[in-house]
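Report on the following structure.
The values are calculated or read from the model by the stated rules, or taken from the named source; none is laboratory data. These numbers were taken from a predicted model, which means no experiment stands behind them. Here the Cβ is made from the backbone with ideal geometry for all residues, glycine too, and neighbour counts use every protein chain on show. Please note that ligands, DNA and RNA were not included when accessible areas were found on the heavy atoms of the full protein model with its side chains. Shrake-Rupley method; radii C 1.70, N 1.55, O 1.52, S 1.80 Å.
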Amino acid sequence: MALIEASRAPLRTQQELAREQARPDVAVFGSLGTNGLEGSMGRSIPDSADDVNHLTWVIGVAAEVNLGKTASRSQDEAAAARLAALDAQRAVILRDVAREIDLAFQALDGARRRLEQAKRQRDALIRKRNLAQAQFRQARTEEIAILGYDIEVDNVEMERIDALQAAREAEARLRLALHAYPEER
């Protein structure tokens, strides 16, 4: 994103320069001097600077306007097109980052739900195992039932650990996606 912003600055400068070059060129000029010739070609150098017959002055304005499509207008349009392309690229990046953030939130939410479900299952199985142990002490059940509950508790504990790992990975992806999202100035 920083690369796109860095690419925009020279394009803006190029566009401003092209627009400046497309403006009309206006010049005001003037001159004051003497001509050394008299009407009858008698005197070639005037006697004094106060002699107004020999003063020559010129005042003018010159304007140069380019009509039609000029090179500067083409440069302006080319810079504008490249800026539009950079804006489109920036929009795509922002949309992709927003999608990545959304997916990371969904993954984190799903992993947390799995983790809570695994905790509830484990707690329920532990209660059932404790009940089976109490029944075993009263000789109302066999030891194999307790071992079955122990295996189920271990399996659910592995599922809980997997869910915990998935939640941590989702948190890391979310942090990474949030870090990639540019701060607007």
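Quick look at the numbers
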{"quantity": "Any pair with Cβ under 6 angstrom, 6 or more apart, that starts in region 90-115 at a residue that is open to solvent by 90 Å² or more (accessible area, probe 1.4 Å) and ends at one that is assigned to a helix (DSSP H, G or I)", "calculated": "ARG112/ALA167; ARG114/ALA163"}
{"quantity": "Any hit, region 156-177, residues being in contact with an Asp or Glu (Cβ under 9 Å, 6 or more places away or on another chain), open to solvent by 60 Å² or more (accessible area, probe 1.4 Å), within 30 Å of GLN89 (Cβ to Cβ) and part of a helix (DSSP H, G or I)", "calculated": "yes"}
{"quantity": "Within region 120-135, considering residues that are open to solvent by 70 Å² or more (accessible area, probe 1.4 Å) and in contact with a helix residue (DSSP H, G or I) (Cβ under 6 Å, 6 or more places away or on another chain), the one farthest from LEU164 (Cα to Cα)", "calculated": "LYS128"}
{"quantity": "Any hit, region 31-49, residues being on the phi < 0 side of the Ramachandran plot, modelled with pLDDT of 75 or more and part of a strand (DSSP E or B)", "calculated": "yes"}
